[in-house]
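Visitor: Below: one structure in structure tokens.
The values are calculated or read from the model by the stated rules, or taken from the named source; none is laboratory data. Fair warning: this is a prediction, and the values are worked out from it, not measured in the lab. We place every Cβ from the backbone using ideal geometry, glycine too, and count neighbours over all the protein chains shown. Quick note on the areas: whole protein, heavy atoms, side chains included, nothing else; ligands and nucleic acids left out. Shrake-Rupley method; radii C 1.70, N 1.55, O 1.52, S 1.80 Å.
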Amino acid sequence: MTRLKADDISKVVAGLTQYDVELISKTGCSLKAIAARAAQRDLDHISASRLKIAVIPVTSGQGIIGGFTAAVAGILDYLGFDTFITQNSDVAGIAEAIHGGAEVVFAADDHKFIAFNLRTGAIADNGAATGQGYITALNQMCCGLTEKPVLVIGAGPVGRSAAGLVAKLGGLVSVYDIDVTASRALVDELRKQGQPAKVETDLDYALSRHQVIVDASPAEAVIPPRHITERTIIAAPGVPLGVPPEQRGKHSARILHDPLQIGVATMCFLVI
Ligand code: 2YH
């Protein structure tokens, strides 16, 4: 599982307005609209409520990531929520959030990143929410996924969630993971739900047959330049981005990638 680095998120807050402009040009939808759609929430109803949200620093494991809570809080603030970062970390942070009137809390350790609604008990996991948010955006970018072959690279929590939603939206899912038992398990699960899905064992061959790609893998440069054409559309929730740096500018209009924005926004809308 990828642990974000301070560098990955240092520009998130300052870049949110520009991020949203680019997201709208790629998908036709703002960050708020993508998240609301992914969570199947009514945007008008949500805009009206100014919900109080606390983001709690967590010191366990490898500890605090510089700028992590600020980036999460900045995204929630940008979406219109009344957000604060607790002064205290860990359990004292939870107490502070409750005393401060928070209805929703966000917190992450090295393994799990959750949003939790203290009133309703609703909980959202970053991995699953990121998959849902990215596929909602990809569906917009592709003007629908029905009958379209979609290659999902990576069968971790984000890839599993993404593959599930691609299948639900009528896409033809193929899965590649460096660990073939993980891709087999995901494909078996989809087939049990009556969704057609295929295991790919040769990534190069799989890439040569797909124009719509979900890069949910933590590997760098997993998509070689020869497989990126004017018709390739890439949704890349995986950090770092699997597109080689020299290919990014040229194809940026058809590459969706961010370190936190879509995942955090979708988590929030899933619990409210
Ligand atoms: O980046 C991570 C994990 N890889 C979460 C993975 C969930 N999909 N966690 C962030 C840790 C933040 C740190 N504890 C802090 O600053 O509070």
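Visitor: Please work out how much length the chain gains when fully extended from CYS143 to SER252, using 0.36 nm per residue of separation minus the C-alpha to C-alpha distance, in nm with one decimal.
Guide: The span from CYS143 to SER252 would gain 37.5 nm if fully extended.
Visitor: Using a 1.4 Å probe over the heavy atoms of the protein chains, calculate the carbon and sulfur portion of the accessible area of the range 128-258 as a whole percent.
Guide: For the range 128-258, the apolar C and S fraction of the accessible surface comes to 54 percent.
Visitor: OK, next. For the chain, what is the accessible area per residue in Å² when the probe is 1.4 Å?
Guide: 46
Visitor: Oh, and also: How far is helix 16-27 tilted off the main Cα axis of the chain, in degrees rounded to 10, range 0 to 90?
Guide: For 16-27 against the chain, the angle is about 30 degrees.
Visitor: As an exercise, use a Förster radius of 35 Å and the Cβ-Cβ distance of ASN88 and ASP179 to find the FRET efficiency, rounded to the nearest 0.05.
Guide: The computed FRET efficiency comes out at 0.35.
Visitor: Using only helices, what value at 222 nm comes out for the chain when you add -39,500 (n - 2.57) per DSSP H run of length 4 or more and divide by the total residues, to the nearest 500 deg cm²/dmol?
Guide: -12500 deg cm²/dmol
Visitor: I would also like to ask the following. Relative to the present Cα-Cα distance, how much length would full extension add between LYS52 and ARG209 at 0.36 nm per residue of separation?
Guide: Between LYS52 and ARG209, full extension yields an extra 51.9 nm.
Visitor: In degrees between 0 and 90, to the nearest 10, how far off the longest principal axis of the chain does helix 68-78 point, with axes built from Cα atoms?
Guide: With rounding to tens, the tilt is 90 degrees.
Visitor: Please find the FRET efficiency linking HIS45 to THR229, where r is the Cβ-Cβ separation and R0 is fixed at 45 Å, and quote it to the nearest 0.05.
Guide: 0.60
Visitor: Then there's this: Run the numbers for ILE98 and LYS5: contour at 0.36 nm per residue of separation, minus the present Cα-Cα distance, in nm.
Guide: 30.6 nm
Visitor: Which residues' amide hydrogens lie under 5 Å from the amide hydrogen of THR83, considering only partners 5 or more residues apart or on another chain, with H built in the peptide plane?
Guide: ILE53
Visitor: Output the peptides 165-173, 25-33, 69-77 sorted from most to least packed, where packing is the average of other Cβ atoms within 10 Å over each peptide's residues.
Guide: Output ranking for 165-173, 25-33, 69-77: 69-77, 165-173, 25-33.
Visitor: Which one of ILE56, ALA6, LEU190 is farthest out on the positive end of the charge dipole of the chain, using unit charges on Cβ (Lys, Arg +1; Asp, Glu -1) and the Cα centre as origin?
Guide: LEU190
Visitor: Once the Cα atoms of helix 126-141 and of the chain are each reduced to a long axis, what angle between those two axes, in degrees from 0 to 90 to the nearest 10, is obtained?
Guide: Roughly 60 degrees between the two axes.
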